[in-house]
There are 2 protein chains.
Amino acid sequence: MQPWKTIARRTILPHSKFLAIEDHTIQLPDGRIIDHWPWVVTPDFINVVAITRTGEFICFRQTKYAVDGTSLAVVGGYIERGENPLAAAQRELLEETGYRAAQWQSLGSYAVDGNRGVGVAHFFLAQDAEKFAEIDADDLEEQELLLLSRAEVETALAAGEFKLLPWAGIIALALLRQKRGG
Amino acid sequence: MQPWKTIARRTILPHSKFLAIEDHTIQLPDGRIIDHWPWVVTPDFINVVAITRTGEFICFRQTKYAVDGTSLAVVGGYIERGENPLAAAQRELLEETGYRAAQWQSLGSYAVDGNRGVGVAHFFLAQDAEKFAEIDADDLEEQELLLLSRAEVETALAAGEFKLLPWAGIIALALLRQKRGG
C-alpha cells in the first residue's frame, strides 16, 4: 500500500497567517496524475483536558463562530511559531484558566482533514491541576470557566453539548484514557 | 453570552465542489467589527463505526493524503447533494464494506473547525451489521477491510493508529457509548 506523492504545489490564496490555500498535483500509486487538488493550510493547534487534584474537569461555556448558541469547550489554541505542542498546551492552560498541572500525557496528534489538511490537532491530558494565577486570555470569544465532575462531562458529551469535533474528540479520548487508569 | 453576527460574506475562491473560501465581516457582541475573517466551505461528511453481530469492529487499513504511511480508518464519505446524513452513512457502509446494519444511532454532529467551518461531521454507530453484498467503493485510496475486536480497537486507538481527527474521535465516542450499554 503506497502513499500518494505530491508532484507540485503552489499557493493560490495567501490569505493571512490563519489561512492559505494551495493547489497540489498528486501522483497515485498506479501512476495516475490528479491536478488541482486543493490543500488548506491553517495553524496547528492544541487542546487540553485538564483535571484538578480533586477530579474536576476544567471546561468552559462559550460561544464560537462556527456553532449555534453556546457550547461546552476545553482549553485550546494555536501553536505559536517555534513553539512545541506541549509548551503551547501548558501556556494555553495557564492563560485561559490560571491553572498549572503536575502530570501531562499526550492523547495523540491527528490531521484534521484527511484530504485537505487543515492543520494538525495535538491533544493532551493534564492531571493534578491547581490554581496558580488569574486568567489572562486574549481570546475574542466570551467564556465562562466551569468545573465539572466526570459524570457531568459524560452526560454532556452524550447529549452533544461539546459541539466542535476537536472538543468532543478529546473529551472522549480523555474519558477512555482515564478509565484505563492513565 | 451572545453569538457573533455575520454582517457580510463573499466568495473569494470558488475552487470546486470540494472547496470554496469566503471572506466574512463579523460583528462581535461588544459592537466591534472584524473584517476579512476567512471561512472554509467543504462538504459535510459522515463517519460510521459499524459493529458486526458477533461484536467485531469494521475498520480499514488505508492510505490518506494528509497522513504519513497507512492508518486505521472507519467508514466515511461526503454527503451528496440532497442526501440526509443517515442515508449517506447507510450508503457508504454498504458501498465500502458490503455490510448492512440493523441498528443505527447518532453519535452527534460536530463543526470541524470552530473558527473556519470546514464542514460538519455527522457520526453514527451501526450495530448488528451483516454482510450483504460485495464491496463497491469508488474511492481513490487503496484500503483493506479488517474486523477487529473491541480490545484491538482500544489498543490501536491508544497507540495513535487512527491518525485522523474524525476517525480517532468517532472511535472514542463509539467505545464510550458501547460501554454505556448503547
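The values are calculated or read from the model by the stated rules, or taken from the named source; none is laboratory data. Keep in mind it's a predicted model, so treat the numbers as computed, not measured. FYI the Cβ positions are ideal-geometry reconstructions off the backbone, even for glycines, and counts take in every protein chain you see.
Odds and ends about this structure:
- Subset of segment B:32-83 that is touching a His at 6+ places or on another chain (Cβ under 9 Å) and part of a loop (DSSP other than H, G, I, E, B) - its residue that is surrounded by the fewest Cβ atoms within 10 Å (Cβ to Cβ): B:Asp44
- The set of residues in segment A:27-52 being in contact (Cβ under 8 Å) with a residue 60 or more places away in the chain and either in contact with a helix residue (DSSP H, G or I) (Cβ under 7 Å, 6 or more places away or on another chain) or among the acidic types (Asp, Glu) (or both) consists of A:Asp44, A:Ile46, A:Asn47, A:Val48, A:Val49, A:Ala50.
- Residue list for segment B:9-31, restricted to those being more than 8 Å from chain A (Cβ to nearest Cβ) and crowded, with 18+ Cβ neighbours inside 10 Å: B:Glu22, B:His24
- Residue check for B:Thr70: β-branched (Val, Ile, Thr), out of contact with any Ser or Thr (no Cβ under 9 Å at 6 or more places or on another chain) and assigned by TED's automatic domain parsing to the domain that holds B:Asn115: no
- Looking only at segment A:97-139, residues that are away from chain B (no Cβ under 14 Å) and either closer than 25 Å to B:Tyr65 by Cα or touching a residue at least 40 places away in the same chain (Cβ under 8 Å) (or both) come to 11 in all.
- Selection of segment B:131-165 for residues being touching a Lys or Arg at 6+ places or on another chain (Cβ under 8 Å), in a loop (DSSP other than H, G, I, E, B) and surrounded by 17 or more Cβ atoms within 10 Å (Cβ to Cβ) yields B:Glu141, B:Lys163.
- Residues in segment B:105-130 that are of a type in the set (Gly, Ala, Ser) and not in a loop (DSSP other than H, G, I, E, B): B:Ser106, B:Gly108, B:Ser109, B:Ala111, B:Gly117, B:Gly119, B:Ala121, B:Ala126, B:Ala129.
- Look at segment A:163-175: where a residue is outside the structural domain of A:Gly108 (by TED's automatic domain parsing) and touching a residue at least 24 places away in the same chain (Cβ under 8 Å), no partner that is surrounded by 24 or more Cβ atoms within 10 Å (Cβ to Cβ) and of a type in the set (Gly, Ala, Ser) sits 6+ places away or on another chain with Cβ atoms under 9 Å.
- Taking segment A:9-31 as the range and being among the basic types (Lys, Arg) and not in a strand (DSSP E or B) as the test, only A:Lys17 passes.
- As a summary of the residue check, B:Ala88 satisfies the conditions (1) in a strand (DSSP E or B); (2) of a type in the set (A, V, I, L, M); (3) more than 8 Å from every other protein chain (Cβ to nearest Cβ) except for the one numbered (1).
- Selection status of A:Gly181, assigned to a loop (DSSP other than H, G, I, E, B), over 30 Å from A:Thr25 (Cβ atoms) and at pLDDT 95 or above: no
- Any hit, segment A:143-164, residues being touching a helix residue (DSSP H, G or I) at 6+ places or on another chain (Cβ under 8 Å) and of a type in the set (D, E, K, R): yes
- Members of segment B:83-119 found to be within 16 Å of the chain's Cα centre (by Cα) and among the aromatic types (Phe, Trp, Tyr), listed by number: B:Trp104, B:Tyr110
- Against the test of being modelled with pLDDT under 95 and in contact with a strand residue (DSSP E or B) (Cβ under 9 Å, 6 or more places away or on another chain), the options A:Ile171, A:Ile135 yield a single qualifying residue, A:Ile135.
- Some residue of segment B:5-26 being touching a Pro at 6+ places or on another chain (Cβ under 9 Å), β-branched (Val, Ile, Thr), more than 30 Å from B:Lys163 (Cα to Cα) and without any contact (Cβ under 8 Å) to a residue 60 or more places away in the chain: yes
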